[in-house]
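Peer 1: Below is a structure I'd like to ask you about.
Values quoted throughout were computed directly from the atomic coordinates according to the rules given, and no laboratory measurement underlies them. Not measured: the values here are computed from a predicted model. Note: ideal-geometry Cβ built from the backbone for every residue, glycine included; neighbour counts use all protein chains shown.
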Amino acid sequence: MNRISKLAVNSEGFIFDPTTGDSYTVNPTGLFIINSLREGKEIEQIAEELSKEFEETPEEISSDISDFIIHLNTYNLY
């Protein structure tokens, strides 16, 4: 079980880490990515879904998702 599955996440993008007591906020796209990761979806699948919402290719979006995951790792959230 990874760290992201232990986070408390609400529908407004508020994230609480019960392990550390830290809280964070993310925008709707970040929330979608976090919820998708919590569901066990792969980056490619998330990128494909997001490409239907944005005018970017799944490959470009995959890169952005990878960058987002790096940020999650920076805060020990993933």
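Peer 1: Please state the charge dipole magnitude for segment 3-74, taken about the Cα centre, from unit charges on C-beta atoms (+1 on K and R, -1 on D and E), reported in debye and rounded to the nearest 20.
Peer 2: Once rounded to the nearest 20, the dipole reads 520 debye.
Peer 1: Give the value in nm², to one decimal: projected area of the alpha carbon convex hull of the chain, averaged over all directions. Display every interim value, and only then the final one.
Peer 2: Values: hull surface 19.2 nm².
Averaging across all directions leaves 4.8 nm² for the Cα convex hull.
Peer 1: Add -39500 (n - 2.57) for each DSSP H run of 4 or more in the chain, then divide by its residues: what number comes out at 222 nm, to the nearest 500 deg cm²/dmol? If you can, show how the numbers build up before the last one.
Peer 2: On the way: 3 runs with 37 residues, N = 78.
Mean residue ellipticity at 222 nm (helix-derived): -15000 deg cm²/dmol.
Peer 1: In whole percent, what relative contact order does the chain give with Cα contacts below 8 Å and a gap of six or more residues? Write out the running numbers ahead of the final one.
Peer 2: On the way: 68 pairs, mean separation 20.5, N = 78.
Relative contact order comes out at 26 percent.
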